[in-house]
Amino acid sequence: MSETCPICDTPLIKQSGPVFSEILIVGNYPAPKEIERLKPKDRKNLEPCIGWGGKYFRQELAKAGLDYYQCRAITLWQHKQNKNDECLKFFMEQVISEARDKKLILLCGAEVVNTFMDYKVSDTCGLWVDCKYFSAMTMPIFNPSQMLHGGVGEIRLAIKKFCMEVEKL
């Protein structure tokens, strides 16, 4: 049985991966495939990164030496994005809570970067930046689903740089 948003009662995509992982991956919002699985007839696998973009992202992490399933993962929006500021505030609190005690955080996509940082993802992709919400080392990258449309190079380099830091843990 799935949980629902306490603000709007919409079923949620929940965080996944080991709770005590030192690594947190934060995406923008559920992909269409994830939203499809929120429908009553198919409420299973309610976790981030189950669509095509997520599959490709997991493969890129693996090529760089990181098993996605060893990381904690969450999306900023945990259901289909809406205009309800209270939903966003609740989800921000969820991400901040998940970030406690993490050592490395990967922010994936412009919306999540804009929400938590004073930087644009286009200016900071692949760089370690300070974030007032997190104490962990934080790296923004473009939304990994852009790799499906030819934007592989910069994202791949950022993932490799992130994974090099993971190896030091």
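Which length gain, in nm to one decimal place, applies between C8 and W128 when the Cα-Cα distance is subtracted from 0.36 nm times their residue separation? Don't jump to the answer; show the numbers that get you there.
Working: separation 120, 0.36 × 120 = 43.20 nm, distance 3.51 nm.
Contour length minus the Cα-Cα distance gives 39.7 nm.
What pairs from K102/K168; K33/K89; K55/K132 go past 20 Å between their alpha carbons?
Working: K102/K168 14 Å; K33/K89 24 Å; K55/K132 31 Å.
The answer is K33/K89; K55/K132.
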Legend entry - Extension gain from A62 to F20, taking 0.36 nm per residue of separation minus the Cα-Cα distance: 13.1 nm
Inset, instruction - Would you mind calculating the relative contact order of the range 66-169 from Cα pairs under 8 angstrom and at least 6 residues apart, reporting the percent as a whole number? - result: 24
Legend entry - Portion, in percent, of the accessible area of the chain that falls on carbon or sulfur, probe 1.4 Å: 51
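In what sequence, highest mean first, do 86-93, 9-16 appear when ranked by Cβ atoms within 10 angstrom? Don't skip to the end; give the middle numbers.
Values: 86-93: 15.2, 9-16: 18.1.
Peptide ranking by packing, descending: 9-16, 86-93.
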Inset, instruction - Could you tell me how many degrees, from 0 to 90 and to the nearest 10, lie between the Cα long axis of helix 85-99 and the main elongation axis, the longest principal axis, of the Cα atoms of the chain? - result: 50
Legend entry - Residue with peak Gaussian network fluctuation, the chain [Cα springs, cutoff 10 Å], from N114, N143, N84: N84
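Considering only the other residues whose Cβ falls under 14 Å of the Cβ of F91, what net charge follows from Lys and Arg at +1 and Asp and Glu at -1?
Details: positive: K14, K80, K83, K89; negative: E3, D85, E86, E93, E98, E111.
Value of the local net charge: -2.
The values are calculated or read from the model by the stated rules, or taken from the named source; none is laboratory data. Please read all numbers here as calculations on a predicted model, not as lab measurements. Please note: Cβ atoms are built from the backbone with ideal geometry, for glycine as well, and neighbour counts cover all protein chains shown. Calculation scope for accessible area: heavy atoms of the full protein, side chains included, ligands and nucleic acids excluded. Shrake-Rupley method; radii C 1.70, N 1.55, O 1.52, S 1.80 Å.
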